[in-house]
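Below: one structure, written as structure tokens.
The values are calculated or read from the model by the stated rules, or taken from the named source; none is laboratory data. For clarity, every value in this text was computed on a predicted model and none was experimentally measured. Neighbour counts are summed over all protein chains in view; Cβ atoms, including those assigned to glycine, are modelled from backbone coordinates with ideal geometry.
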Amino acid sequence: MTAPASPRLAPRFATRMDQVRPSAIRDLLALGADPSIISFGGGYPDATLFPRGLLDGVFRDAIADPSGDALQYAPSDGLPRLRAQIAALMTADGTPCTADDILILQGSQQGLDFAAKMLVNPGETIVVEDPTFLGALIAFAPSQPRYAAIPIDADGMDMDALAATLATTPSARMIYTVPDFQNPTGVTLSLPRRHRLIDLANRHDLIVVEDTPYRHIRFDGDPLPTLKSLDTEGRVIHLGSFSKILVPALRLGWALASPPLLERLSLLKVAADTQTSTLNMAATSLFLDRHDLWAHVATLRAAYRRKKEVMLDAIRQHFPQEVTATDPQGGLFTWARFPEGFDATAFMRDHALPKARAAYVPGGTFFATTPRPNHARINFSSQSEDRIRQGIAALGATLKAQM
Ligand code: PMP
């Protein structure tokens, strides 16, 4: 047994820890891990769709390779072969690049950490969507930023509001956006706004972090060009991820950026963890050689589209009329809005968990500046269609009893 923490222990944490705090929401979500609770909380893909057999094959073969390379240290920027494969994926998606433009990361989450570390001094401003991805706020916290939160509507970030904010915020350093099927709202940034965002970044000398884990989980229509493909001055750091299109456990993501940015990101990579897991990179590279990733993604898109419909039907049938939910054209979430004055955190603690035995993520947590507690992020990818119907019906009955 190690010694228990002494009452005399009062660690003097560095000031960068000032914004690094556990949240009440985290404790609530931990309760959602109870298997008797139907959780629409996490952004989990459907585990029944993981390509287990194919992954089993490529992991075995990577390990069995007589060179032992898959079990060895690897270059910190990532296995050259996988960097080239990712560059080919990006090029096919309309964002031309080469292996040299790619840095492999441990999940795109690592790119969020690095971007803030690289660009933002304490007290400088990160421009974010309002609401924005909670995990990004968690990654940015040690950089002690201020935030400017820009309203979003059905076409994504409001560019007039962004222009007005940038005109009066000289401390702005970077703009963080999830342009495709945003987490938490599911909305997509329109093409005219994509052009305008690049123009504003150029004009105000800002770096744009484009975070795209849901880009390929599209239910309808054609993809819009990435911000990176519209970038005229090399200001966009594009972050991609295998978490939603393959499996999150690989912890594999990447950054695509111009040389001055990529060089510094790569130094942060060495400092943080030397490199991403060689075995995971080698197995993924074999997977991309042997199997059709896009055929797998097509299966995911069909399944998630169907689940979204099941969830929205259930919401229409069971939730009180006053509650609205977005109808996203891709991604894993719908964003519910309750009447003003409704507190989705208190409702989850007092009613949803104990009575409906169902969980979501209370929306207040996704706002960088002023929380608006009458929202919830509801995930439709992880539960079976039956559990979606059952959980939404139970939540709806509890809502009707309370509202
Ligand atoms: N960005 C967004 C918008 C996300 O929703 C997530 C994960 N849910 C991430 C980044 C992190 O993903 P990864 O697993 O690639 O680290």
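Summary table below
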| item | result |
| --- | --- |
| Test result for TYR214, touching a helix residue (DSSP H, G or I) at 6+ places or on another chain (Cβ under 9 Å) and on the phi < 0 side of the Ramachandran plot | no |
| Near pairs, Cβ below 7 angstrom, 6+ apart or cross-chain, from region 151-168 (under 17 Å from PRO184 (Cβ atoms)) to any residue that is of a type in the set (Ser, Thr, Tyr) and assigned to a strand (DSSP E or B) | MET157/THR177 |
| Test: residue in region 117-133 that is away from the ligand (no atom under 16 Å from the Cβ) and closer than 29 Å to LEU286 by Cα | no |
| Filter result for SER143 (away from the ligand (no atom under 16 Å from the Cβ), at pLDDT 95 or above and not assigned by TED's automatic domain parsing to the domain that holds ASN183) | no |
| Any hit, region 176-191, residues being more than 10 Å from the ligand (Cβ to nearest atom), surrounded by fewer than 20 Cβ atoms within 10 Å (Cβ to Cβ) and not small (Gly, Ala, Ser) | yes |
| Among (1) assigned by TED's automatic domain parsing to the domain that holds THR365; (2) assigned to a helix (DSSP H, G or I) - the single one GLY57 does not satisfy | (1) |
| Region 267-281: number of residues that are farther than 24 Å from PHE133 by Cα and either more than 15 Å from the ligand (Cβ to nearest atom) or among the β-branched types (Val, Ile, Thr) (or both) | 7 |
| Checklist (1) out of contact with any helix residue (DSSP H, G or I) (no Cβ under 9 Å at 6 or more places or on another chain); (2) hydrophobic (A, V, I, L, M, F, W, C); (3) under 14 Å from ILE315 (Cβ atoms) applied to LEU395, failing item | (1) |
| Qualifying residue in region 273-285 (condition: buried (at least 22 other Cβ atoms within 10 Å of the Cβ) and among the β-branched types (Val, Ile, Thr)) | yes |
| Pairs where the first residue, in region 234-247, is on the phi > 0 side of the Ramachandran plot and the second is assigned to a loop (DSSP other than H, G, I, E, B) and more than 10 Å from the ligand (Cβ to nearest atom), C-beta under 9 Å, 6+ apart | GLY234/ALA257; GLY234/SER258 |
| Scan of region 228-261 for residues that are in contact with a helix residue (DSSP H, G or I) (Cβ under 7 Å, 6 or more places away or on another chain) and away from the ligand (no atom under 15 Å from the Cβ), ordered by number | LEU230, ASP231, THR232, GLU233, ARG235, VAL236, ALA257 |
| Qualifying position, being free of Cβ contacts under 8 Å to residues at least 40 places away in the same chain and away from the ligand (no atom under 16 Å from the Cβ), among ASP220, ASP199 | ASP199 |
| Top-ranked residue in region 200-252 [being within 15 Å of the chain's Cα centre (by Cα) and of a type in the set (Gly, Ala, Ser); ranked as surrounded by the most Cβ atoms within 10 Å (Cβ to Cβ)] | GLY240 |
| Residues of region 302-343 classified as out of contact with any Asp or Glu (no Cβ under 7 Å at 6 or more places or on another chain) and assigned to a loop (DSSP other than H, G, I, E, B), total | 15 |
| Selected residue [of a type in the set (A, V, I, L, M), more than 21 Å from TYR214 (Cβ to Cβ), in the same structural domain as LEU227 (by TED's automatic domain parsing) and within 16 Å of the ligand (Cβ to nearest atom)] from LEU105, LEU112, LEU82 | LEU82 |
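Table: residues versus (1) of a type in the set (Ser, Thr, Tyr); (2) within 18 Å of the chain's Cα centre (by Cα); (3) assigned to a loop (DSSP other than H, G, I, E, B).
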| residue | (1), (2), (3) |
| --- | --- |
| TYR73 | yes, no, yes |
| GLY78 | no, no, yes |
| ARG81 | no, no, no |
| GLN85 | no, no, no |
| ALA88 | no, no, no |
| THR95 | yes, no, yes |
| ALA116 | no, yes, no |
| LEU137 | no, yes, no |
| THR165 | yes, no, no |
